[in-house]
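Notes for the one structure printed next.
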Amino acid sequence: MEVLTANQERANLSRLALSAKNDLLCVRNLSVSFRLGSGGEGSILKQINFTVAPGEIVGVLGESGSGKTTAALALMRMLPSVAQISEGSIDFHGSNLLELEARRLREIRGSDISLIYQDSDVLNPVMRVGDQVMEVLRAHKNFPSEQMRDEVRSLLAEMGFADCDRIFRAYPHQLSGGQRRRIAIAQALICRPRLVIADEPTGWLDSNTSGEIIALFARFRRDYGTAFLLISHDPETLTLADQALVMYAGEIVERGPLGELFSEPKHPYLQALLQCRTLASESRIVGPHRRFPFIAGQAPDPSAAIPGCCFSNRCADRMDTCDSCRPELIAISSARAVRCFKYGDGARA
Amino acid sequence: MSPSSGFVLEARGLNKTYRQGKWWQKKFHCHAVENVSLALRPHETLALVGESGCGKTTLAMCLVGLVTPDSGQILIDGTNPESLGKSERASIRREIQLIFQDSAGALNPRMSAIEIVEEPSLLRGQSRSQRRKLAEQKMEDVGISTKWKDRLPNEFSGGQRQRLAIARALMLRPKVLILDEVFVGLDLSIQGQIANLLIDLQQAHGLSYICISHNLALAAQFADTIAIMDRGRIVEKGSLEEFQRQHSMALTQTASRPEAALRAYSGA
């Protein structure tokens, strides 16, 4: 076990990046801050490091406000104007996305990297949904329109729509929420991108449809070698992922292979979060005063500077050091790392 | 009113069909709700489970009167609101309140929290101070401090907005709350809080719930009676115990593999 300082971690990562030149996406020290109306600054993302290999599925687990959507938008360079990337680099397929000119970036967006928005109402209400999917294809490929229409139809069929022709001609308001969601996903997949960033892809979908979406992602990975960055607040959505990052208050608090993370969570936040899954578990909590588990308190305000661990105010295992020192991401095995004073040789009990 | 039936809310043979397609187009009929009957006792929690697009939300809309069913009856406390005069009908309908899917989006972004909560009581013709007092009390009931009463909805977190929506629904002292996917979109760490709050409120106010969800395991955790809906029909209905006895396999499956389990019921 070793404690990595930020510098060592950086050095390690750059070594990794050198050794694995074929990483599809390599995010280094990505920090995003935003301006407040009052003139101050807050930071939403604090030095995020991760890589995605071709065909790899990386899950990002985090709750609202943890910065996972900001990370997705930063990768696409689509942050709102109040937020800016203050540090770091994003290497995608050999080019630094942060230095690309607008025209080149536009070519990449939608065709090489695509984003499935969290918000389900991204569709144009006065345009047939089939045409909206075709619009993406038309922007990037130069096919005859008959071929484009066939491509869209076959993708819709692949996505589990029974009546593709009706769906193709329908307007968004004629479809159910789950169907609209699938159309938005179709827009992201139609160009067969190398990397799909899926922000809450199965939010609002019933378990049946979300299972189909997840299966579709798996099929896309197998057939086209698509890599996915699955972002969700729900551990169930991430079942497909090989690796997972757990985010809290703009930091990665734990990372590792998904199975290990869920079977033996190390960080107190992840432990508490996984306990909250009882609401959807098989054993019913009974009794007149039945109580479901939850994590009390709130995540810290991003504009407030926290000297210690960002989870300390809600942590069940809080120690004295937690409020004063900021824990570093500590490697606890070759594949896993956790940001908590409880682990590693540097643990100060 | 005839409390003899013992049901706070009863639906008999509800039908609702949406028609798609203009006069020059091929018509497409969507049978959103087909011959649905259900009954809800006081203090009971009924879970309505089904896939998206199976008509759960349309059924909820029919029950609160936002959508007029093509045929069938809705009885509130044994009384058919259609048989009453306009003002009586309005007052009896207040007993059924709906918390919308995506309740956060249903809050007016320009109104402060307290205005949002007190707005429904404008219908009751109370004085301003009475309304304020009641609204503050409801906010306290759902666990939102009254010192936040002047904040706008976007200054609250998702869970707090859900609480505001619940407080707003409680303003008219309903007997039945219809919860349309209340847990969807909430963080895992606060879903438990909202569930606890709903259980507390049920005990304190004697509420009945219709809990609409696509998650069978969650419904089994929360409800006394379960009704499974598929393509507009209720295909199965029973108490939780009956359900567990018959489908313990499927319930276990839902917890571990949600996608497969609901399919087991389709066409059951």
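Cross-link candidates for B:Lys22: which aspartates and glutamates have Cα within less than 20 Å, leaving aside residues fewer than 8 places away along the same chain?
Result set, ordered by chain and number: A:Asp131, A:Asp163, A:Asp165, B:Asp70.
What order do you get for B:Glu236, A:Glu251, A:Glu99 when you list them from fewest to most C-beta neighbours inside 10 Å? If you can, show how the numbers build up before the last one.
Values: B:Glu236 17, A:Glu251 23, A:Glu99 10.
Starting with the residue having the fewest Cβ neighbours, the order is A:Glu99, B:Glu236, A:Glu251.
Just how far, in whole angstrom, is the stretch A:36-88 from the stretch A:180-247 if you go by their alpha carbon centroids?
Rounded to whole Å, the Cα centres lie 19 Å apart.
So for the protein assembly as shown: antiparallel DSSP bridges make up what percent, rounded to the nearest 5? Walk me through the numbers before you get to the answer.
Details: 50 of 87 bridges.
Around 55 percent antiparallel, to the nearest 5.
How many partner chain Cβ atoms sit within 10 Å of a residue's Cβ in peptide B:177-183, on average, as a whole number? Intermediate results must be reported in sequence, preceding the final value.
Details: counts 0, 0, 0, 0, 3, 0, 2.
For peptide B:177-183, the averaged partner shielding equals 1.
For the stretch B:1-77, what does the alpha-carbon gyration tensor say about shape, rounded, prolate or oblate, given a ≥ b ≥ c as the root eigenvalues, a/c under 1.5 as rounded, and a/b over b/c as prolate?
Details: a/c = 3.39, a/b = 2.07, b/c = 1.63.
Prolate, because a/c is 1.5 or more and a/b exceeds b/c.
Tell me, what does the Kirkwood hydrodynamic radius of the stretch A:204-283 come to in angstroms if you use every pair of distinct C-alpha atoms? Walk me through the intermediate numbers first.
Working: mean 1/r = 0.0717 Å⁻¹.
It is 14.0 Å.
For chain B, what are the per-bin percents of Cα-Cα distances with bins 10 Å wide, up to the bin holding the maximum?
Going from the shortest bin to the longest, the percentages are 7, 28, 34, 23, 8, 1.
Which residue, B:Ala39, A:Leu229, A:Gly160, has the largest displacement toward the positive end of the dipole of the protein assembly as shown when charges sit on each Cβ (Lys, Arg +1; Asp, Glu -1)?
B:Ala39
Using every Cα-Cα pair within the stretch B:107-173, state what percent have a distance larger than 13 Å.
Working: 1231 of 2211 pairs.
Roughly 56 percent, rounded to a whole number.
Do the alpha carbons of any pairs in A:Lys68/B:Lys147; A:Lys68/A:Lys141; A:Lys46/A:Lys266 sit beyond 27 Å of each other, and which pairs? Write down the numbers at each step before the final one.
Working: A:Lys68/B:Lys147 30 Å; A:Lys68/A:Lys141 31 Å; A:Lys46/A:Lys266 21 Å.
Beyond 27 Å between Cα atoms: A:Lys68/B:Lys147; A:Lys68/A:Lys141.
Peptides A:55-61, B:82-88, A:268-274: what's the order by average Cβ count within 10 Å, highest mean first?
A:55-61, A:268-274, B:82-88
Within 10 Å of each Cβ of B:195-208, how many other protein chain Cβ atoms are there on average?
Numbers: counts 8, 6, 0, 1, 6, 2, 0, 0, 2, 0, 0, 0, 0, 0.
Per residue, the number of nearby Cβ atoms from other chains is 2 on average.
Who wins for biggest fluctuation among B:Ala223, B:Ala60, B:Ala47 in a Gaussian network model of chain B, springs between alpha carbons below 10 Å?
B:Ala223
What number, in percent, do you get for the relative contact order of chain B if the mean sequence gap of Cα pairs under 8 Å and at least 6 apart is divided by its residue count?
Numbers: 493 pairs, mean separation 67.7, N = 268.
Worked out over chain B, it gives 25 percent.
I want the antiparallel fraction of DSSP beta bridges within chain A, as a percent rounded to 5. Could you put the intermediate results ahead of the total?
Working: 29 of 48 bridges.
In chain A, DSSP labels about 60 percent of beta bridges as antiparallel.
What number do you get for the protein assembly as shown when its Cα radius of gyration is normalised by 2.2 N^0.38 Å, N = residues?
Numbers: Rg = 25.5 Å, N = 617, 2.2 N^0.38 = 25.3 Å.
The value comes to 1.01.
What number does the stretch A:176-310 give for Rg over Rh if you use C-alpha atoms and the Kirkwood radius? Show your work: numbers first, answer last.
Values: Rg = 17.4 Å, Rh = 17.2 Å.
Result: Rg/Rh = 1.01.
After finding the eigenvalues of the alpha carbon gyration tensor for the stretch A:120-218, what semi-axes result from the square roots of 5 times each, listed largest first in whole Å? Numbers along the way, then the final one.
Numbers: eigenvalues 78, 50, 31 Å².
Equivalent-ellipsoid dimensions as semi-axes: 20, 16, 13 Å.
Where the centre of each part is set by its Cα atoms, how far does the stretch B:84-155 sit from the stretch B:18-79, in angstrom?
25 Å
No value in this document is a laboratory result; all are computed from the given coordinates. If you're wondering where the values come from, they're calculated on a predicted model, not measured in any experiment. Using ideal geometry, Cβ is built from the backbone for each residue, glycine included, and neighbour counts are taken over all protein chains shown.
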